[in-house]
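First up is the structure itself, then whatever we jot down about it.
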Amino acid sequence: TQLLEQSPQFLSIQEGENLTVYCNSSSVFSSLQWYRQEPGEGPVLLVTVVTGGEVKKLKRLTFQFGDARKDSSLHITAAQPGDTGLYLCAGPRDSGSRLTFGEGTQLTVNP
Amino acid sequence: DAGITQSPRHKVTETGTPVTLRCHQTENHRYMYWYRQDPGHGLRLIHYSYGVKDTDKGEVSDGYSVSRSKTEDFLLTLESATSSQTSVYFCAIRSMNTEAFFGQGTRLTVV
């Protein structure tokens, strides 16, 4: 059983559409991170959310941390083909020494 | 680049043979991690290290061992490779409660 559940697992949309992906847990996290991974590369950090209810924006990407710090969402406005990739959420465990990942959402944005 | 390199990048080995993957960092980060990535499973933690000669198991540690004799090197060993260990292996480095930086991965095929 994954500690962090991501949905949907796959998402294929047309350029210009909006989308939201989710990261949920039954556990409380001190923070959550979102990473993006392109084929043949390692994941790269997009954002870290720390405070319950926090909203962070990175250009067309909006990240939200749930009030109870058990869930997070990533919203992309007007998706572009360059947004294609695997989006992973991650959270610290064991006083921060481990970093556990969700299964990821594979996003494909078609031109 | 975060100063983390993995070697080899690709390897094909036979069932039952030992295999060692190397992760080298130039950033002096305390934490080092080995993950495997398989379709539908995201990144799963194999082992991690929180200092020289200090290591601990992750969620999928069976069949793997690690060693960290120097701050900069973290070795992952498959004592007797099996086909179920065919995967892409990622090393990551991190300081406490900060982002993780990943290597480019090692694609291991066990035939």
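A few remarks follow.
- The set of residues in the range A:75-105 being closer than 19 Å to A:L4 by Cβ, in contact (Cβ under 8 Å) with a residue 60 or more places away in the chain and out of contact with any strand residue (DSSP E or B) (no Cβ under 8 Å at 6 or more places or on another chain) consists of A:G96 alone.
- Look at (1) within 26 Å of B:G40 (Cβ to Cβ); (2) part of a strand (DSSP E or B) and you find that A:G42 fails only one, number (2).
- For the range A:45-57, filtering for residues that are more than 8 Å from every other protein chain (Cβ to nearest Cβ) and part of a strand (DSSP E or B) leaves 6.
- So B:T15, is it more than 12 Å from the chain's Cα centre (by Cα), surrounded by fewer than 20 Cβ atoms within 10 Å (Cβ to Cβ) and either part of a strand (DSSP E or B) or among the aliphatic types (A, V, I, L, M) (or both): no
- Neighbours by Cβ (under 6 Å, 6+ apart or cross-chain): first from the range A:26-40, within 17 Å of A:L4 (Cα to Cα); second assigned to a loop (DSSP other than H, G, I, E, B) and of a type in the set (A, V, I, L, M): A:S31/A:V50
Residue-by-condition table, conditions (1) touching a Leu at 6+ places or on another chain (Cβ under 9 Å); (2) at pLDDT below 95; (3) among the hydrophobic types (A, V, I, L, M, F, W, C):
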| residue | (1), (2), (3) |
| --- | --- |
| A:T51 | no, yes, no |
| A:S72 | yes, no, no |
| A:G102 | yes, yes, no |
| A:L107 | yes, no, yes |
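- Test result for B:S95, of a type in the set (S, T, Y) and under 25 Å from A:L45 (Cα atoms): yes
- Scanning the range B:9-55 for residues that are within 25 Å of B:T82 (Cα to Cα), free of Cβ contacts under 8 Å to residues at least 24 places away in the same chain and of a type in the set (V, I, T) turns up just one, B:T55.
- Counting only strands (runs of 3 or more DSSP E) that sit completely within the range B:41-111, those holding 3 or more residues that are open to solvent by 40 Å² or more (accessible area, probe 1.4 Å) correspond to B:54-57, B:64-70.
- Some residue of the range A:12-26 being touching an Asp or Glu at 6+ places or on another chain (Cβ under 8 Å) and within 10 Å of chain B (Cβ to nearest Cβ): no
- Qualifying residue in the range B:56-73 (condition: closer than 17 Å to A:V44 by Cα and not charged (D, E, K, R)): no
- Yes/no for A:R60 being more than 11 Å from chain B (Cβ to nearest Cβ) and on the phi > 0 side of the Ramachandran plot: no
- Leading residue by the ranking (surrounded by the fewest Cβ atoms within 10 Å (Cβ to Cβ)) among those in the range A:78-111 that are more than 11 Å from chain B (Cβ to nearest Cβ) and assigned to a loop (DSSP other than H, G, I, E, B): A:P111
- Subset of the range A:30-67 [open to solvent by less than 60 Å² (accessible area, probe 1.4 Å), more than 19 Å from B:G42 (Cβ to Cβ) and not β-branched (V, I, T)]: A:G52, A:G53, A:E54, A:L61, A:F65, A:G66
The values are calculated or read from the model by the stated rules, or taken from the named source; none is laboratory data. Since the structure is predicted, the reported quantities are computational estimates derived from the model, not experimental observations. Here the Cβ is made from the backbone with ideal geometry for all residues, glycine too, and neighbour counts use every protein chain on show. Just the protein is used for accessible areas: all its heavy atoms, side chains included, with ligands, DNA and RNA removed. Shrake-Rupley method; radii C 1.70, N 1.55, O 1.52, S 1.80 Å.
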